[in-house]
Structure formats: C-alpha cells, structure tokens
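Report on one structure; see the data block that follows.
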C-alpha cells in the first residue's frame, strides 16, 4: 500500500502536530546524510569498494533489483559491474 500526501496537507499536518514536524525533520536530515555519504563514496572510493560496501550493507538488494540499476547506483556501467562481480566471485588460481 502506498499513501500520498500533498504539500498543503503536509504543511497543515506539521502545523497541527509538532510530533509529525519533528519526524519530518528527522527523515529529511537522514535523507540529506545518506545523499552526502553516497556523494562522498562516489568521489573517494573505487567502484569495487563501493560494490563491496553495498553488498555488505544490503545483501538482499542484489536479488531484488536489476543489475543495471545497481550499476547506476554505484556510478558505473552494467558491464563494469559484471566484471567486478566476476573478479570477486572467481577464486585466484595459483
């Protein structure tokens, strides 16, 4: 089930309920922090590091989301993601 609320309805809810206003602020702050962390990761981490971090933080994501969207989220092409996955999953031969 998906619920929607218009901006005027949300403003009214915030005015009439300080608890919802606090909740809205907290959710907005978390969203900004997540976006900031993602931008920092894209700027400073190698694609393989980003892949491993995402795999560690959300392993079921890879079973639910198509590879092309995961690649986009990691800032790489689907082909690059495929190569990274192959490199990680293939044992090194001695």
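Laboratory data are not the source of any read-out in this text; all were calculated from the coordinates shown. Because the structure is a prediction, the values reported are computed rather than measured. Cβ atoms come from the backbone with ideal geometry, glycine included; neighbour counts cover every protein chain shown.
Within the bounds of the range 25-47, is there any residue that is surrounded by 10 or more Cβ atoms within 10 Å (Cβ to Cβ), over 18 Å from the mean Cα position of the chain (by Cα) and over 30 Å from residue 77 (Cα atoms)?
There is at least one residue in the range 25-47 that is surrounded by 10 or more Cβ atoms within 10 Å (Cβ to Cβ), over 18 Å from the mean Cα position of the chain (by Cα) and over 30 Å from residue 77 (Cα atoms).
Considering only the range 58-85, state which residues are in a helix (DSSP H, G or I), closer than 19 Å to residue 35 by Cα and touching a helix residue (DSSP H, G or I) at 6+ places or on another chain (Cβ under 6 Å). Outline the logic, then answer.
Applying the first criterion (in a helix (DSSP H, G or I)) to the range 58-85 yields 61-64, 67-74, 78-85.
Now narrow it down to the ones that are closer than 19 Å to residue 35 by Cα: 61, 69-74.
Those that are in a helix (DSSP H, G or I), closer than 19 Å to residue 35 by Cα and touching a helix residue (DSSP H, G or I) at 6+ places or on another chain (Cβ under 6 Å): 71, 74.
All but one of (1) within 30 Å of residue 89 (Cβ to Cβ); (2) out of contact with any helix residue (DSSP H, G or I) (no Cβ under 7 Å at 6 or more places or on another chain) hold for residue 47; state the number of the condition that does not hold.
The one condition residue 47 does not meet is (2).
Could you list all residues from the range 71-86 that are touching a residue at least 12 places away in the same chain (Cβ under 8 Å) and closer than 19 Å to residue 43 by Cβ?
Of the residues in the range 71-86, the ones touching a residue at least 12 places away in the same chain (Cβ under 8 Å) are 73-76, 80-82, 84-85.
Listed by number, the residues that qualify are 73, 74, 75, 76, 80, 81, 84.
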